[in-house]
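The values are calculated or read from the model by the stated rules, or taken from the named source; none is laboratory data. As the structure is a computational prediction, the values presented were derived from the model and not from experiment. Positions of Cβ are backbone-derived with ideal geometry, glycine not excepted, and every protein chain shown enters the neighbour counts. What goes into the accessible areas is simple: the full protein's heavy atoms, side chains included, and nothing from ligands, DNA or RNA. Shrake-Rupley method; radii C 1.70, N 1.55, O 1.52, S 1.80 Å.
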Amino acid sequence: MSSLQIHNALRVATMDGQRREFTGGHIRFEDGVITSVGPGPAPGPADRELDATGMVVLPGFVNTHHHLYQSLTRAIPRMQDQGLFDWLLNHYEVWRELDEDCVFAGAQLGLLELMKSGTTTSSDHHYLFPRQASPHLIDAQIRAARDLGLRFMPTRGSMSLGRSQGGLPPDDVVQTESEIRADTERLLTEYHDASPGAMTRLVLAPCSPFSVTSAEMRDTARCARQHGLRLHTHLAETLDEEAFCLKQFGQRPVAYVEGLDWLGEDAWFAHSVHLSDEEIARMGAAGAGVSHCPSSNMRLGSGIARIRELLQAGVAVSLGVDGSASNDSGNMLLELRNALLISRLRDPACWLGARDVLEMATIGGARVLGRDDIGSLAVGKRADIALFSLEGIEYSGAHSDPLAALVFCARQGSVDTLIVDGRIRIENGRSSLDEAELVLRHRRLSARMIERASRRTGVNFLMADKRKEA
């Protein structure tokens with residue numbers, strides 16, 4: 001049995017049931033499980049001692065919405081100033097060039113970026129399967145997460161409503177419902193782990209109301225409940241989506257998914273920006289969850305989600321960085337800061353504080369993902385822990401509240417030490433990967449995708465959208 005102990009912290013935020021915080025004290029874990037935590041002295045020596053002097057220690061962040069492959073298509077000039085639907089239509093042409101190598105590199109880089117900002121658990125929403133690519137794209141993501149040692153909850157995303165049927169995506173990136181179901185069963189057999197402390201656990205996640213048929217939405221809910229899986233999709237992200245649902249289904253997005261048996265404690269929704277008071281109440285009564293993606297919502301001009309009202313209604317609220325093409329970053333510290341700041345553009349009664357967003361990023365994320373084994377520093381929980389030094393110039397003057405400083409003064413740099421399931425995965429800001437080689441490979445694949453898409457379509461994606469300039 002191996003043991004590790006953290007001591008001398010500037011501040012420890014447990015996010016436990018009492019939301020205890022303390023200075024000094026200790027956190028001890030053995031074989032990946034926390035055995036003792038508190039402000040007093042440690043119960044005895046450990047195999048290894050970590051001195052956390054000058055550091056804030058808290059549960060690792062839980063990222064509940066991402067599209068890892070999008071790290072390959074950041075800040076493309078043509079799509080920099082477009083709203084969601086135009087942004088998607090243009091990106092689909094580049095994403096049609098995805099293959100297994102691209103998905104693996106995108107996942108490696110995207111997950112490492114998350115880890116360097118304190119993330120120990122991430123989901124991912126992969127729903128795009130180009131016809132010419134290997135169908136084993138989620139396998140590539142799982143392989144990348146296992147190489148890095150990150151706790152991973154990939155979602156078997158899907159699109160079945162192609163452009164010829166009134167949907168948004170091109171027909172050659174969607175799949176038939178039989179293809180989706182067969183691959184879901186294969187992934188469940190090969191990878192899904194329902195046991196406590198699982199490192200890989202599958203979720204089912206149709207993309208959105210404008211890219212999946214009603215039959216596929218309903219069948220996915222039935223399949224998920226048959227296997228005890230959670231459900232995820234985009235919902236109420238933009239006014240364009242609302243208009244699409246009203247035109248196609250005669251209902252607003254929340255009513256539409258409710259009619260398909262999607263409102264429940266086992267489902268969470270990305271964005272959920274455009275919600276009425278009644279819809280918020282219905283989501284809260286159902287125990288549904290929301291992944292708040294403030295950076296993406298700002299980047300695409302989608303709007304400001306009503307997070308305070310969602311929390312008051314009992315909705316489980318978490319944080320997600322969303323895709324790196326609609327955020328252009330996968331930094332959870334920046335997501336925390338943006339969640340706090342964007343709330344300040346509303347009435348002061350709706351403002352969020354530093355501890356509100358830290359809860360969303362830790363125990364809130366665990367709740368949304370249906371995990372009672374992570375999200376807080378408490379005896380019996382898995383040892384997923386992030387240590388951030390506050391010794392740098394960006395934090396000087398902020399030590400009167402070290403925990404809040406982590407949000408208000410968020411730095412661009414990396415976590416100092418990251419522990420996942422009791423194992424040190426980042427130490428002194430460095431991972432075990434050859435990061436220079438990864439960046440070089442990732443850049444090469446990104447350039448190849450954009451070049452091929454430009455050649456195939458005759459559109460120069462490296463030039464700005466002239467319609468916007470006009």
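Of the heavy-atom accessible surface of region 173-246 (probe 1.4 angstrom), what whole percent is carbon and sulfur? Don't skip to the answer; put the middle values down first.
Working: 1460 of 2640 Å².
The nonpolar share, carbon plus sulfur, comes to 55 percent.
Starting from the Cα of Lys381, draw a straight line to each of the aspartates and glutamates and keep only those under 13 Å, dropping any in the same chain fewer than 8 residues away.
Partners within reach: Asp16, Glu30, Asp31, Asp372, Asp373, Asp421.
May I ask for the angle, rounded to the nearest 10°, between helix 332-343 and the longest principal axis of the chain, with both axes built from Cα atoms and the value confined to 0 to 90°?
The answer is roughly 70 degrees.
Viscosity 1.567 mPa s, temperature 4 °C: give me the Stokes-Einstein translational D for the chain in µm²/s, with Rh taken as the Kirkwood radius over C-alpha pairs.
On the way: Rh = 22.4 Å.
Approximately 58 µm²/s, per Stokes-Einstein.
For the chain, what relative contact order do you get, as a whole percent, if you take Cα pairs closer than 8 Å and at least 6 residues apart? Don't jump to the answer; show the numbers that get you there.
Working: 1046 pairs, mean separation 101.3, N = 470.
Once normalised by length, the contact order is 22 percent.
Give the carbon-plus-sulfur fraction of the accessible surface of region 10-167 in %, rounded to a whole number; probe 1.4 Å, heavy atoms of protein chains only.
After summing per-atom areas, the C and S share lands at 48 percent.
Which value in deg cm²/dmol, rounded to the nearest 500, describes the helix-derived mean residue ellipticity at 222 nm for the chain, given -39,500 (n - 2.57) per DSSP H run of n ≥ 4 and division by the residue count?
Per the formula, -11000 deg cm²/dmol.
Quick one: grab the alpha carbon gyration tensor of region 64-206, order the square roots of its eigenvalues as a ≥ b ≥ c, and give me rounded if a/c is under 1.5, else prolate or oblate depending on whether a/b is larger than b/c. Please list the in-between numbers first.
Values: a/c = 2.02, a/b = 1.25, b/c = 1.62.
The shape class here is oblate.
Could you look at region 292-333 and say what percent of its accessible area is carbon and sulfur, using a 1.4 Å probe and all protein chains?
Values: 440 of 900 Å².
Whole-percent figure for carbon plus sulfur exposure: 49.
Treating the angle as unsigned and between 0 and 90°, give the value, to the nearest 10°, between the Cα long axis of helix 137-148 and the longest Cα principal axis of the chain.
With rounding to tens, the tilt is 20 degrees.
What ranking, highest mean first, results for peptides 326-339, 194-207 when packing means the other Cβ atoms within 10 Å averaged over each residue? Don't skip to the end; give the middle numbers.
Values: 326-339: 24.3, 194-207: 20.2.
Averaged packing, sorted descending, gives the order 326-339, 194-207.
Skip the ligands, DNA and RNA, and give the accessible area per residue of the chain with a 1.4 Å probe, whole Å².
That works out to 36 Å² per residue.
In degrees between 0 and 90, to the nearest 10, how far off the longest principal axis of the chain does helix 214-227 point, with axes built from Cα atoms?
The helix 214-227 is inclined about 30 degrees to the chain.
Accessible area, 1.4 Å probe, largest first: how do Trp262, Trp351 sort?
Numbers: Trp262 0, Trp351 95 Å².
Correct descending sequence by accessible area is Trp351, Trp262.
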